[in-house]
1. Just to be sure I understand, if you calculate P(r) over Cα pairs in 10 Å bins from 0, in percent for this structure, which of (1) 12, 23, 19, 29, 14, 2, 0; (2) 16, 47, 32, 6; (3) 14, 47, 29, 10, 0 do you get?
2. Under 21 Å from the Cα of Lys36, which lysines turn up, not counting those fewer than eight places away in the same chain?
3. Excluding ligands, DNA and RNA, what is the solvent-accessible area per residue of the chain at a probe of 1.4 Å, expressed in Å²?
4. Which aspartates and glutamates, on any chain, are close to Lys80 with Cα under 16 Å apart, when same-chain ones fewer than 8 places away are left out?
5. For the range 86-92, in order, what is each residue's ³J(HN,Hα) by Karplus, 6.51 cos²θ - 1.76 cosθ + 1.60 with θ = phi - 60°, in whole Hz (x at glycine and Pro)?
6. Just to check I understand the Karplus step: with θ = phi - 60° and J = 6.51 cos²θ - 1.76 cosθ + 1.60, what whole-Hz values come out for the range 96-109, glycine and proline as x?
7. What's the extension gain from Ser92 to Arg62 if we count 0.36 nm per residue and subtract their Cα-Cα distance?
8. Ignoring ligands, DNA and RNA, what percent of the 1.4 Å accessible area of the chain is carbon and sulfur?
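The values are calculated or read from the model by the stated rules, or taken from the named source; none is laboratory data. Because the structure is a prediction, the values reported are computed rather than measured. Note that each Cβ is placed from the backbone with ideal geometry, even for glycine, and that neighbours are counted across all protein chains shown. These accessible areas exclude ligands, DNA and RNA; they are computed on the full protein's heavy atoms, side chains included. Shrake-Rupley method; radii C 1.70, N 1.55, O 1.52, S 1.80 Å.
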Amino acid sequence: MVWLDCQPMHLGGGRWYALCPHTSKRCTTLVLPPGKTHFASVRGWDVTYGSQRECEIHRAYRAIDKATSRVKTLSKYTRKPTLLRLKEKIISRQVLVDAEIDKIVRLIS
């Protein structure tokens, strides 16, 4: 059983939250870790998100993939500053990946 709580919004309506059974606080996501029998919030289970455990190289690769897929879906009428910003982000993340890989290669050699 999951308890829900509705909070009124400023412009009308309401937003629904689940109440974590461990912390009794509102949350938007309930998770079920492996081996557990009931759902609770991430903070309630005291676990971290996968992205928080990633190294810099994996974070950079994810940012590159996200920006690349965004560039592919852009309209041909996209403003030039937006396109340049995304391309600069891809290049800067690729430079970071190359630098980190060079560090690893120097450590191994």
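1. (1)
2. Lys25
3. 84
4. Here the aspartates and glutamates satisfying the reach criterion relative to Lys80 are Glu88.
5. Those phi angles translate into 5, 5, 5, 5, 4, 5, 5 Hz.
6. 4, 4, 4, 5, 5, 5, 4, 4, 5, 5, 5, 5, 6, 6
7. Taking Ser92 through Arg62 to full extension adds about 9.5 nm, to one decimal.
8. Summing carbon and sulfur atoms, their accessible area is 57 percent of the total for the chain.
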